[in-house]
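This report refers to the structure that appears directly beneath it.
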């Protein structure tokens, strides 16, 4: 339920109503806007009727939210949210490219790859230290050492960095090293992890699960927002279908659909979404065209030697070409490519 | 198997080899190029070894085609094919938009819709006279009367037209009225229909089946080419997945994948691919961006009164906006929007 | 709409009402029962209201059918239908096994395989003469010669036979040779073919399409019944999913679901449903257990030399073992194994 | 790699070889059998070649395991494993039924439901205290209080109990109350949780993820076994497909497939596998018929008031009927229904 207050309502009026909402066992929300204050009440909305808020002198209107997700919905928050990821904006009129290797493997690999992606136009660095792998016998990531290398590289390059967190117990550790968390597709419905990330205020890139409907993705984001963290970035990375020629089926329909349903920004990962190096650039351009706010791309200085996802990792030159080709599509979409702070000066 | 002849080989040399190929029960193909003549042999390639063509004095090289489809593959035909659809080119450097209602409903509806799509930039008209419908109690199309209306409207507008054929026995009738056949998703593996369409030389827009892998689509196209009709246009129109928020999942990964595997042009139908009017324009732009050669879009002068597919049909104004927005993406893709012959003069 | 007449209503009363229904452009149905006559009206039910049949003196009740399929629904026909396939019953309290090779390859192969399946307990013979194949270069069946061999073998063995028909133009030919038509998964929505089969009165085994929802299957059956042929046998043969370890995913959930929705019998094809010889027997037993009325199983005298589907074809000994193991499950399901007429004497 | 020692090999011989394996950075395994001792070496098998174990005087043979999973494979362990779940056997010649409500809601609900399922023949009790729910606003389970109620009820009824664990930090707590862990479908690839469960020796019921291939399920089980816990029970509970008439598509093909690939027992959850109360009994029978080792079924004393999964929960009478009907299928499968210890006396 959304309660829009009249223009003359004071903070004391708002507090009075919020207390009544809390008194019914619902979750009260205070959302001040530029012209009006909006209050929210989350939980079983039927009990709210007993308050008869429609007839409160300071209430302008009361509106039910019909979607199963609330804080995430555009009904609650009509304007696009812009998330700040270590100085880089995601959402709004800028188009943002995050790139780097699937896994952090060594100082040299990160430095070489990081320099390549920065010079090609990436404005944030990715790299996994904790790798969820289907087989227990596959490379599982460097762990804490990987986090250290990632941070060092990011600092040296002057870029913010993103890395995956796979367990509640690691949230604090990852928080110390990264500018944003990535919550992987396999953990999209690891609700405890979502709640722990909701306790943070750092951005969370939430990847769509391979068998998750868009509504499931939005409900997963709701878990994070409901804990108080508004800094969520959704990420489409392909779904599981019968098609075996590609690793996943990139569901770009989801992008304009998500844009209509929610104010939360959404980016696309064409590397996992295709699983084939040669398809990454065309699908990156398609992501721009259908309205995505950014890209998450795997690049490796030597893909043939990568410890994970080598087949879908771009060579540095391929990434540079992709970025060159992307510019015209970003312009056609009425956006501008996010430029690193260093170059803006 | 592809047999490349030496530059000095004569037609007689070619015929001699083609006869030997036919003598083994294989299907011989004569494919003259600008510099070299290439011969093909389709069937069980193992028996070819008995001919020892590698050591034939007029043979330069012999190459096995590893894909299950042959005539359709880029190995057989490295350059993009361009198909002529009643004066409109599909494939190559132009981007072609075909539009019109799902079903032909009346003279007025066709005329009104046809004028709207032509003035917005569509260069060919679509409209169904035979409608395959899940329920026997749904509108099944106007049949022959629908074909007549479609032809009349197309002639009046000076546009070529496309319509679906659902049965071998109708091929001749449809051929009399339309400039191109459409073979629908449900008939993608109606092999007898494919063979009948292969006997024609008119273009065939072959839509991907809802559960068909890209390889199945290419094999279905092979049925048409193997009968002698090279004028095939593939069409991605969404696949069946678990996602229920959209009617189908538009698999744009398939576009760059198809472009790598085959020389046959490929277009996208974002109307069926999404099933939601508001998603058509962004997905049309995405189709341009990832390399499609054109679009097939449902437009209706009064979508709320449409007898079929109203929810996914664009209002004329929406289609005009889509076309305006598309221009920049087509330019970004390095192509040019196909302009009607009348305007080119 | 179903119109139940009063007990005293005469045939003339029924005819009067049927004429009125026809006069509105709806499809009238006369369905005499043992105690009451029931009339049906198919089409846009809203126009029926003008007749005010509820107040007709000879009408007991008028009932709307809420499912999109009508004749197929249990609402219209509460008791299980039993279909006679050349003297063999399908549906009701008997469990019926149809077996034979995927394709008719030769007189010897059919005779050897046919004798093996008959002696193991199959009561009808299958064998394909027209084979829909993904690739134009695969074995396409023997055509008319295959039909002749099938008929000869069936006659010699005293079994009825079933074979696939893939095209409207072949319906008459196949009708001359076979006791029942099979409509394959790829043709489940070839509506013209369904209508042609609806013109016949011979049984039609209608296979579920690989991407067809159960509702789509029931609507496809409705096409056949709506043309006047009540002898439809549904067949679950596996759907397309992301699982690649099996050829298809046999959806046995569909069996009890179908049993609740329709009176039409339903059988299971565990050969296509799994694609793996070793899984056929356990899944055949599972089909019995969840309520199927019969099985369609591929058996070949020499599976390793089969021209199609060898991997999923049982060796004769395996089929004999399957039938032995099946008996106890059929008894547990409260049914009896259909015994050939010859043995019943 | 499996290393089979000669009959005369001593423990000292085994230790010598195990040390060499460990020295190469591989994971050494000691698996004594009744006639021969078998050693295992997990990790990058190529380095093992340097040991030339084939020529070691006490080694009889060395065998490579070709599947990506090792400990789980039948190659490593040809005989069926039987897991002891608080005195109840799962696997082998007995068929075991675990039943109870989706969620623990109250002492009364557990007691009433528990008595009903015990008297109908269930030999273990299920009930969720930590509920992973798609929406943050749905009932999330009673937590620790739920565990206490479950334990009390189980003790009072003399049944072992099973409950879900959703987070590494809860493993110790759940371990105190339950006889077995359940790892839910959404956590099948929560690898940290799998590793934590591998540190325990209590049985783990590992449910297949909604988009997980059978191979992914076996690799997930491998994570648990690789940590030293051999007591894994796999559970098929339906996969995500395009079919919307049922909640999930129960993939019974997976049962005989799993039985061929692994020695680990496998049970079926027809409640989640169908999502429809009326389909549970027929699919339970089908699970028996295709070779499952047991069932996990949701029963609630008042399904219409259940806080979760009411639609798929059986009424106590329905469960009693299911158990009665099951007996004949269990006998047909050559197994015997597991009888509670108390009744065996």
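Just one of the listed residues (C:287, C:254) is closer than 13 Å to residue D:287 by Cα, touching a strand residue (DSSP E or B) at 6+ places or on another chain (Cβ under 8 Å) and either more than 10 Å from every other protein chain (Cβ to nearest Cβ) or surrounded by 24 or more Cβ atoms within 10 Å (Cβ to Cβ) (or both), namely C:287. Of all residues in the stretch C:132-155, those that are crowded, with 22+ Cβ neighbours inside 10 Å and within 12 Å of chain B (Cβ to nearest Cβ) total 2.
Exactly one condition in (1) within 7 Å of another protein chain (Cβ to nearest Cβ); (2) modelled with pLDDT of 95 or more; (3) within 19 Å of the chain's Cα centre (by Cα) is false for residue A:226; which is it? Every listed condition holds for residue A:226 apart from (2). Screening residue C:241 against (1) without any contact (Cβ under 8 Å) to a residue 12 or more places away in the chain; (2) surrounded by fewer than 24 Cβ atoms within 10 Å (Cβ to Cβ) leaves a single unmet condition, (2). Within the stretch A:299-313, the set of residues being crowded, with 24+ Cβ neighbours inside 10 Å and either free of Cβ contacts under 8 Å to residues at least 24 places away in the same chain or assigned to a strand (DSSP E or B) (or both) comprises A:299 only. Taking the criterion of being over 25 Å from residue C:229 (Cβ atoms) and assigned to a loop (DSSP other than H, G, I, E, B), the only residue of the stretch C:20-39 that qualifies is C:35. Taking the listed residues C:216, C:170, the one that is under 30 Å from residue B:70 (Cβ atoms), at pLDDT 95 or above, in a helix (DSSP H, G or I) and within 14 Å of another protein chain (Cβ to nearest Cβ) is C:170, with no other qualifying.
Within the stretch C:19-42, which residues are more than 16 Å from residue C:52 (Cβ to Cβ) and surrounded by 14 or more Cβ atoms within 10 Å (Cβ to Cβ)? If the condition is that a residue be more than 16 Å from residue C:52 (Cβ to Cβ) and surrounded by 14 or more Cβ atoms within 10 Å (Cβ to Cβ), then C:27, C:28, C:29, C:31, C:36, C:37, C:38, C:40, C:42 are the ones that fit. Go through the residues of the stretch C:114-121 one by one and say whether even a single one is touching a strand residue (DSSP E or B) at 6+ places or on another chain (Cβ under 8 Å), more than 14 Å from chain B (Cβ to nearest Cβ), buried (at least 20 other Cβ atoms within 10 Å of the Cβ) and closer than 22 Å to residue C:230 by Cα. Taking every residue of the stretch C:114-121 in turn, none turns out to be touching a strand residue (DSSP E or B) at 6+ places or on another chain (Cβ under 8 Å), more than 14 Å from chain B (Cβ to nearest Cβ), buried (at least 20 other Cβ atoms within 10 Å of the Cβ) and closer than 22 Å to residue C:230 by Cα.
Pairs meeting the criteria (first residue in the stretch C:212-229 and on the phi > 0 side of the Ramachandran plot, second residue assigned to a helix (DSSP H, G or I), beta carbons under 8 Å, at least 6 apart or on different chains) are C:228/C:198; C:228/C:199. Scanning the stretch C:257-277 for residues that are within 23 Å of residue D:276 (Cβ to Cβ), crowded, with 23+ Cβ neighbours inside 10 Å and in contact (Cβ under 8 Å) with a residue 60 or more places away in the chain yields C:262, C:264, C:265, C:267.
Taking the conditions (1) closer than 23 Å to residue D:228 by Cβ; (2) free of Cβ contacts under 8 Å to residues at least 60 places away in the same chain in turn, residue D:42 satisfies each one other than (2).
Considering A:309, A:278, the condition of being touching a helix residue (DSSP H, G or I) at 6+ places or on another chain (Cβ under 8 Å), farther than 19 Å from residue A:95 by Cα and more than 12 Å from chain B (Cβ to nearest Cβ) is satisfied by A:309 alone. Looking across the stretch B:1-19, the residues that are part of a helix (DSSP H, G or I) and more than 14 Å from residue B:57 (Cβ to Cβ) come down to B:11, B:15, B:18, B:19. Tell me, yes or no, whether the stretch C:238-247 has at least one residue that is more than 24 Å from residue C:85 (Cβ to Cβ), more than 7 Å from every other protein chain (Cβ to nearest Cβ) and more than 17 Å from the chain's Cα centre (by Cα). Yes: the stretch C:238-247 contains one or more residues that are more than 24 Å from residue C:85 (Cβ to Cβ), more than 7 Å from every other protein chain (Cβ to nearest Cβ) and more than 17 Å from the chain's Cα centre (by Cα). Inspection of the stretch A:288-299 identifies no residue that is closer than 25 Å to residue A:180 by Cα and more than 23 Å from the chain's Cα centre (by Cα). Of the residues making up the stretch A:315-326, those that are more than 14 Å from every other protein chain (Cβ to nearest Cβ) and in contact (Cβ under 8 Å) with a residue 12 or more places away in the chain number 4. In the stretch B:75-91, the count of residues that are closer than 29 Å to residue B:175 by Cβ, modelled with pLDDT under 95, crowded, with 21+ Cβ neighbours inside 10 Å and within 14 Å of chain C (Cβ to nearest Cβ) is one or more. Is there a residue being at negative phi, facing another protein chain (nearest Cβ under 9 Å) and crowded, with 20+ Cβ neighbours inside 10 Å anywhere in the stretch B:331-339? Yes, the stretch B:331-339 contains at least one residue that is at negative phi, facing another protein chain (nearest Cβ under 9 Å) and crowded, with 20+ Cβ neighbours inside 10 Å. Can you say whether residue D:232 is away from chain A (no Cβ under 12 Å), under 26 Å from residue D:129 (Cα atoms), crowded, with 21+ Cβ neighbours inside 10 Å and touching a strand residue (DSSP E or B) at 6+ places or on another chain (Cβ under 8 Å), as far as the supplied structure shows? The answer is yes for residue D:232.
Yes or no, residue by residue, for (1) within 30 Å of residue A:218 (Cα to Cα); (2) modelled with pLDDT of 95 or more:
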residue	(1), (2)
D:101	yes, yes
D:119	no, yes
D:122	no, yes
D:133	yes, no
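Scanning the stretch B:187-212 for residues that are in contact with a strand residue (DSSP E or B) (Cβ under 9 Å, 6 or more places away or on another chain) and assigned to a helix (DSSP H, G or I), we see that the one that is surrounded by the fewest Cβ atoms within 10 Å (Cβ to Cβ) is B:198.
Across the stretch A:155-178, the qualifying residues are those that are touching a strand residue (DSSP E or B) at 6+ places or on another chain (Cβ under 9 Å) and in contact (Cβ under 8 Å) with a residue 60 or more places away in the chain, and the one among them that is farthest from residue A:199 (Cα to Cα) is A:159.
The values are calculated or read from the model by the stated rules, or taken from the named source; none is laboratory data. Every value quoted in this text rests on a predicted model; they were computed, and no experiment measured them. Every residue, glycine among them, receives a Cβ derived from its backbone with ideal geometry; neighbour counts consider all protein chains shown.
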